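Have a look at the structure below before the remarks.
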Amino acid sequence: MRIILTWLIFYYVLNLIYQPDTISLQRKSITMISLYFISVILNILLHGYSYLPILLLIYGSFQTGRQINYYLLNTVLLSFLLKFLSVIIPTRLLAPFFDSSEIHSYYFILVILFFQFLGSFLFIYLYKFFNLDRQFKYQDSAMTSVLLGYFYIVLYATMLFVRQFRTYINLVTGILVFVLIQCIFIIFIFVRQRHLRDRVYQDKFSEEQVKNLKIYTDQLEKDQLKLRHFKHDYKNLLFSLKTVADEQDYDAMNQALDNLENYSDDYLNNLSMELYKDLNNVKNPYLKSLFINKLNVINQNNIICHFHCRKELTETPINIFDLVKLLNQAIDNAVEYTKSQEHSEIQLAITQENQRLAFIINNTVSKVPTTKKETDGLDLLHIKDLKKKYSNIFIQYSKNTKWFRFHITLITKGA
């Protein structure tokens with residue numbers, strides 16, 4: 001009964017904290033149920049030595065690519081740690097309150113299982129509250145897996161030591177507490193260092209945001225001053241046109257209309273309103289800052305640019321810093337190969353449809369023979385590394401006589 005209910009709680013926790021984007025709910029459920037029965041059988045046959053085969057079996061059942069899936073590995077190790085701690089801690093704390101004959105009774109086992117379920121429920125709440133799932137999903141380092149694995153091995157070895165030397169139970173318990181404190185301290189230092197590193201990285205992006213937003217506001221202020229001047233001149237031109245109309249001089253009227261049209265086009269084409277018209281739909285501050293900067297760079301290089309984002313964009317299905325870095329290099333690549341062209345043009349677009357988020361970067365191709373190729377700059381984008389890191393990213397590029405097209409497609413959750 002203990003084995004059956006313990007593994008049931010284990011897979012209940014694993015099912016809630018492991019939320020893969022590339023596996024359907026039906027496949028996940030069937031796999032979890034199959035693994036549950038296999039784990040129970042292995043635990044009965046191998047006793048305490050079944051955990052490593054079960055861990056490898058779980059990892060192999062959900063792993064889809066050749067690259068190490070740290071998100072899967074970390075969530076499985078975390079589930080094993082929770083299973084171990086939620087059983088061993090209440091057992092050690094409650095054992096002194098029961099007789100030696102009662103420790104192997106159904107009543108004692110049910111009490112321990114109750115505390116295991118209670119501890120698991122509390123853990124899931126904290127896991128969701130601190131959004132740990134998002135942190136684990138974007139892990140590309142083995143350090144977290146090493147720490148969790150080390151923590152589990154130390155605890156498991158200590159438990160085996162306790163079983164072997166029951167005479168020195170108090171000494172072993174003291175060693176166990178010391179090891180727990182040591183492991184918690186190491187994890188605290190690791191989390192603290194990672195937080196400081198992320199903070200430095202975010203501060204750098206914040207500085208770029210302030211710089212880019214200043215460029216944006218300065219440009220809007222210039223446009224406002226232009227519009228005020230245009231409003232004054234426009235009234236004068238309308239008054240002149242009315243005077244010509246009263247004189248019924250049609251040649252002069254046509255000339256005045258041409259002057260008005262040229263004057264209006266000259267002002268309106270130099271405003272940034274058309275360039276930034278869809279920027280308000282980009283709600284993510286990092287992406288908004290990036291596009292402000294790049295649109296300004298494109299404008300300064302006298303490149304015709306069209307930017308479109310019809311739907312609001314807030315969240316991205318991959319790490320925002322990886323996405324910003326990719327877009328930054330891709331747009332720089334487009335600018336590099338169009339700034340020396342005549343009548344150069346760049347098209348930027350963000351589209352969202354059917355759980356697919358796409359970033360489109362198109363630039364015109366030079367008609368003058370050159371040794372430069374648009375694909376030369378793609379090595380800087382680290383496309384292969386990104387595809388290994390994220391299974392939901394697809395990058396395509398193509399070229400014809402006029403356009404070089406670079407498309408980034410991200411599959412969002414539920415696709």
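At-a-glance table
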{"read-out": "Computed label-point distance, nm, for sites residue 118 and residue 236 using a 7 Å Cα→Cβ extension", "value": "8.4"}
{"read-out": "Accessible surface, per residue, of the range 1-41 when the full set of protein chains is kept, probe 1.4 Å, Å²", "value": "51"}
{"read-out": "Set of the range 62-92 residues, backbone N closer than 12 Å to the point 7 Å along the Cα-Cβ line of residue 186", "value": "none"}
{"read-out": "Interatomic Cα distance distribution for the range 18-71, bins of 5 angstrom, percent", "value": "4, 18, 26, 22, 16, 10, 3"}
{"read-out": "Reachable lysines from residue 288, criterion Cα separation under 19 angstrom, eight or more residues apart if same chain", "value": "204, 211, 214, 277, 311, 325"}
{"read-out": "Cα-based Rg of the range 2-159 normalised by 2.2 N^0.38 Å, two decimals", "value": "1.07"}
{"read-out": "Mean projected area in nm² (Cα convex hull; one quarter of hull surface) for the range 290-332", "value": "3.5"}
{"read-out": "Computed lengthening from residue 402 to residue 161, 0.36 nm per intervening residue step minus Cα-Cα distance", "value": "79.5 nm"}
{"read-out": "Gain in span if fully extended, residue 352 to residue 200, counting 0.36 nm per residue against the direct Cα distance", "value": "51.6 nm"}
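The values are calculated or read from the model by the stated rules, or taken from the named source; none is laboratory data. What you see is a predicted model; the values in this text were computed from it and never measured. Glycine gets a Cβ as well: all are built from the backbone with ideal geometry, and neighbour counts include every protein chain shown. Areas reflect the complete protein model, heavy atoms only, side chains present, ligands, DNA and RNA absent. Shrake-Rupley method; radii C 1.70, N 1.55, O 1.52, S 1.80 Å.
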